[in-house]
Amino acid sequence: AQKVTQAQTEISVVEKEDVTLDCVYETRDTTYYLFWYKQPPSGELVFLIRRNSFDEQNEISGRYSWNFQKSTSSFNFTITASQVVDSAVYFCALLHGSSNTGKLIFGQGTTLQVKP
Amino acid sequence: DVKVTQSSRYLVKRTGEKVFLECVQDMDHENMFWYRQDPGLGLRLIYFSYDVKMKEKGDIPEGYSVSREKKERFSLILESASTNQTSMYLCASSLLWSPLHFGNGTRLTVT
């Protein structure tokens, strides 16, 4: 079965705190892709990152970083020095290798609130 | 930049009405998707299409149908709207293995 679990429903932090959003996935495929999307209050989902299953290197992009660990089937997302503009719903998603249609499986989403 | 346009941002319909949600993308993507978003449930796939006139059911197709007569347009149809179809509907498009590009969403209320 293919599944993505984001156990944290809501997180609230104060500006400048670091915050980590957890993502755990299940798949039997050896080839797969993992994604993170951000959904600000405007509603449109914005693509943040894609990772393939053969690349376990961590990635950093400004204040954003991603930790991919196949041993624990996790793909966690950390925001350093959070800002109010980071307030959004964040989704982790899986595209499994046996899919030939680009169909993503999404987690339930984590709502992040960053307070000034 | 890829643009995915959903025809309505907000819709209010009555129970039993036939409802059309339209989605257009401008990047010649083969794949198009309709998701439904509900609190606590994340995004759930209703239908998707990987080519003109081709469609496949997603996880929750009941009560919905789709139409893809042209590559750039993917329509979601609620044959007889019900209150449990009140939700946010998101359209997306992609090339295979590429990230999905989403529209702004249509918030549908069925009364």
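The condition of being crowded, with 20+ Cβ neighbours inside 10 Å, more than 18 Å from A:D29 (Cα to Cα) and of a type in the set (A, V, I, L, M) does not hold for A:I60.
Here's the yes/no breakdown for (1) of a type in the set (S, T, N, Q); (2) within 25 Å of A:Q6 (Cβ to Cβ):
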| residue | (1), (2) |
| --- | --- |
| B:F20 | no, no |
| B:L43 | no, yes |
| B:Y64 | no, no |
| B:N104 | yes, yes |
| B:V110 | no, no |
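For B:R73, state whether it is under 21 Å from B:L100 (Cβ atoms), modelled with pLDDT of 95 or more and out of contact with any Asp or Glu (no Cβ under 9 Å at 6 or more places or on another chain). So B:R73 does not fit the description; no. All of (1) under 19 Å from A:K16 (Cβ atoms); (2) surrounded by 20 or more Cβ atoms within 10 Å (Cβ to Cβ); (3) not acidic (D, E) hold for A:V89 with one exception: (1). In summary, strands (runs of 3 or more DSSP E) completely within region A:17-107 and bearing 1 or more residues that are in contact (Cβ under 8 Å) with a residue 60 or more places away in the chain and within 11 Å of the chain's Cα centre (by Cα) occur at A:19-21, A:24-26, A:32-39, A:74-79, A:88-96.
If you check A:V46, A:V19, A:V13 for being closer than 26 Å to B:L45 by Cβ, surrounded by 12 or more Cβ atoms within 10 Å (Cβ to Cβ) and among the aliphatic types (A, V, I, L, M), only one passes: A:V46. Scanning region A:44-83 for residues that are among the small types (G, A, S) and either within 17 Å of A:A93 (Cβ to Cβ) or in contact with a His (Cβ under 9 Å, 6 or more places away or on another chain) (or both) gives A:S53, A:S73, A:S74. For the structure I just gave you, tell me whether A:D29 is within 14 Å of chain B (Cβ to nearest Cβ) and acidic (D, E). Here the answer is yes, as A:D29 does meet what is asked. In region B:1-24, of all residues being among the basic types (K, R) and in a loop (DSSP other than H, G, I, E, B), the one that is farthest from B:F48 (Cα to Cα) corresponds to B:R14. If we scan region B:41-58, do we find a residue that is in a loop (DSSP other than H, G, I, E, B), over 16 Å from B:R107 (Cβ atoms) and within 13 Å of chain A (Cβ to nearest Cβ)? Yes; the residues of region B:41-58 include at least one that is in a loop (DSSP other than H, G, I, E, B), over 16 Å from B:R107 (Cβ atoms) and within 13 Å of chain A (Cβ to nearest Cβ).
For region B:87-105, filtering for residues that are within 8 Å of chain A (Cβ to nearest Cβ), in a strand (DSSP E or B) and over 13 Å from A:S42 (Cβ atoms) leaves 3. Report yes if B:Y35 is facing another protein chain (nearest Cβ under 9 Å) and part of a strand (DSSP E or B), otherwise no. In short, yes.
The values are calculated or read from the model by the stated rules, or taken from the named source; none is laboratory data. No experiment lies behind these values; they were computed from the predicted model shown. Counting neighbours? That spans all protein chains shown, and the Cβs are built from the backbone with ideal geometry, glycine included.
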